[in-house]
1. Could you name every one of the helices (runs of 4 or more DSSP H) located completely within the range 222-330 that has at least 1 residues being more than 29 Å from T64 (Cα to Cα) and among the hydroxyl-bearing types (S, T, Y)?
2. Please work out if A404 is crowded, with 21+ Cβ neighbours inside 10 Å, closer than 20 Å to R518 by Cα, out of contact with any strand residue (DSSP E or B) (no Cβ under 7 Å at 6 or more places or on another chain) and not polar (S, T, N, Q).
3. Looking at the range 283-305, I want the residues that are touching a residue at least 40 places away in the same chain (Cβ under 8 Å) and over 15 Å from Y254 (Cβ atoms) and have a partner that is basic (K, R) and surrounded by 21 or more Cβ atoms within 10 Å (Cβ to Cβ) with Cβ atoms under 7 Å, at least 6 apart or on another chain. Which pairs are those?
4. Please work out which residue is surrounded by the fewest Cβ atoms within 10 Å (Cβ to Cβ), limiting yourself to the range 28-45 and to residues that are in contact with a helix residue (DSSP H, G or I) (Cβ under 7 Å, 6 or more places away or on another chain) and in contact (Cβ under 8 Å) with a residue 24 or more places away in the chain.
5. Could you check, for the range 551-574, whether at least one of its residues is among the small types (G, A, S), in contact (Cβ under 8 Å) with a residue 60 or more places away in the chain, surrounded by 15 or more Cβ atoms within 10 Å (Cβ to Cβ) and under 30 Å from T217 (Cα atoms)?
6. Can you tell me which residue is farthest from G139 (Cα to Cα) among those in the range 152-190 that are in a strand (DSSP E or B) and of a type in the set (A, V, I, L, M)?
7. In this structure, is V537 touching a strand residue (DSSP E or B) at 6+ places or on another chain (Cβ under 7 Å), farther than 22 Å from P499 by Cα and of a type in the set (A, V, I, L, M)?
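The values are calculated or read from the model by the stated rules, or taken from the named source; none is laboratory data. Predicted, not measured: the structure shown is a model, and the values here were computed from it. Here the Cβ positions follow ideal geometry from the backbone for every residue, glycine too, while neighbour counts run over all protein chains shown.
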Amino acid sequence: MSGLDEVATDPSDLHERLKPRLQARPRDEALYTRALSEGLSELQARVLAGRLAGYQGELAPLVTPSLRHLTHPERLRDARRAAERIAQAVVDGEHIGILTDYDVDGITSHVVIRRTLVELFGVPESRLHSLIGHRIHDGYGISLPLVERTLALSPRPSLVITADCGSSDEPRIAHLKAAGIDVVVSDHHALPLEGPPMSAYATVNPTRKDCDYPDATIAGCMVAWLVMSLSRSVLIEWGVLAAATPKLSPWLSYVALGTVADCVSLGGSAANRAVVTYGLSLINRMDAACWRAMAARLGADSLPFDAETLAFQMGPRINARSRLDDPYAALYFMLAEDDAVAHRHLETLDQDNQSRKAIEADMSEEARQLAIPSLMADEPAIVLYLESGHPGVQGIVASRLVQAFGRPALVLTPAAAPGMLTGSGRSIEGLHLRDALQRTFELAPESLPRFGGHRGAAGVGVPVELLEGFRAAFLQAVSEQLGDTELCPRVFTDGELTPAQLSLATLEELATLGPYGREFDAPLFEGEFLVERLRPVGADGTHLMLELSAGAVTQRGIWFRALTPGELPAFGVGDRLRCAYKLNRNRWRGRESLQLMIEHAEAC
């Protein structure tokens, strides 16, 4: 089923080495005992202890997320200076540029800033300028094309507020400053070694070494929300706004979406867990047209939305727009005040998402085949150049390679600039990807003129003629970090459930620990089942519907992308399978039942 059988004829053990391994999650026994003593069930304690190794803090902020656990924005370095500059621009009637990244985190940041300025601070729309780069033509961050676009505006903004970008863009910020434009950077990406951009009026970033904000894992949209919240406080202090001016709490619906979609930590972060929990409660009120349009698209059985809905339904649709075209349809969708307008823009996003899926499937298959030499050589990472690949889908393809082969992956395609490649990387547990790229830069600086990102994901710019030098340096950097770590696809599970635990009650018990996401994965269990029935389903027959029994209990299961088109399963009715599965609530015409979502299965 992996697509390797036709290619990997030698060595003969390659396929065996790439076979996913079921492994029990390491458990923090001290945390397990503490969770039990604080009243959690055995299953809840098991889930927590498998995700929060070494956690010493209080459990209550994680188990019962609340906004009272948010830290005041004054703790963010430069936040007061940034807020006062924004407040001054509001008072003086300045033109303001809002410059954000093109992904979900950037789009939701943009919405937070724009709605706050217009609806709470009374800034006319005519004084605001939306500046969002084109992923393919402009590239990430404060790119030179965005700078030129800003300088060409008339009237020209005297203040630019960034979100989810800017920390590594000193040369372009200096260009704007020289033209008389102040730049307030709000971001969450790792800063370069030389520190915050010197030419920025203020740089608000929780990853700054001189910042004592207690949570450096918050998303860019959360940083933007905190900065704008403090700007509101400043305007009230100055007497410009009434003390009764509404707070920014309603915008946490957007922050929840951006936080989940940007895959920041939902593990030991009380802030992220709080804003996602509260934001979901706002989303499920369906007060905004964008949420109502998405609910109508997904159907009544999709309600209420949860973090998984944001991660796998809303996030991909919004991201698809910027992967294939300019991102403004995604912004207009999020800002829509009318249901018909929201539906129209959602239709565009949906079509883009379908196109993205087709491109992704073709690129992923090509990438899997091109990865074979690296796998046969047992290299610690996969670095691939897809000459005809689409730059907007690199990150997704890299993720597919990580899932399939259990090692870090970088996928590169031609960039808009002549002679350059652009690439996206995804990492594995145990490798800090941005640190590996920093080391690559130290080994071969000329081969990596541009890079950025964080532990799990990063982007690069590489001169095409220096690709091999970059590749060699990157492999060395990865090897230095990983050492002798055995690399293979791993499926970490939370152990077994008894047949009696295969119930909606267990699903409810686990749901109380949500939200689940990055560094707080949804519970995954393993168990042995007898196959009672099975049949391929889906338009192309690539999914597998199963009926599985354990003791006297029979459950329906679904295994997505289990088969390649035209392929038959390697097992049949009457066989015993060892499965890794999640519990899922299946809603159909108002009725609910438990369904097993199969992630991996192998014959016993």
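1. Numbers: elements: 252-261, 270-283, 289-298, 315-324.
Helices (runs of 4 or more DSSP H) meeting the threshold: 315-324.
2. Yes; evaluated as a whole, the condition is true for this residue.
3. Close Cβ pairs satisfying both conditions: none exist.
4. Here the answer is S41.
5. Within the range 551-574 (the criterion being among the small types (G, A, S), in contact (Cβ under 8 Å) with a residue 60 or more places away in the chain, surrounded by 15 or more Cβ atoms within 10 Å (Cβ to Cβ) and under 30 Å from T217 (Cα atoms)), the answer is no, since none of the residues qualifies.
6. Within the range 152-190, the first condition is being in a strand (DSSP E or B), and the residues that meet it are 159-163, 182-186.
Subsequent filtering for residues that are of a type in the set (A, V, I, L, M) retains 159-161, 163, 183-185.
On the way: L159: 22, V160: 18, I161: 18, A163: 15, V183: 19, V184: 20, V185: 18 Å.
Among residues in the range 152-190 that are in a strand (DSSP E or B) and of a type in the set (A, V, I, L, M), the one farthest from G139 (Cα to Cα) is L159.
7. So V537 passes the test.
Residue-by-condition table, conditions (1) of a type in the set (V, I, T); (2) within 26 Å of the chain's Cα centre (by Cα):
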| site | (1), (2) |
| --- | --- |
| I86 | yes, no |
| V91 | yes, no |
| E94 | no, no |
| G97 | no, yes |
| V104 | yes, yes |
| R149 | no, no |
| A152 | no, no |
| S167 | no, yes |
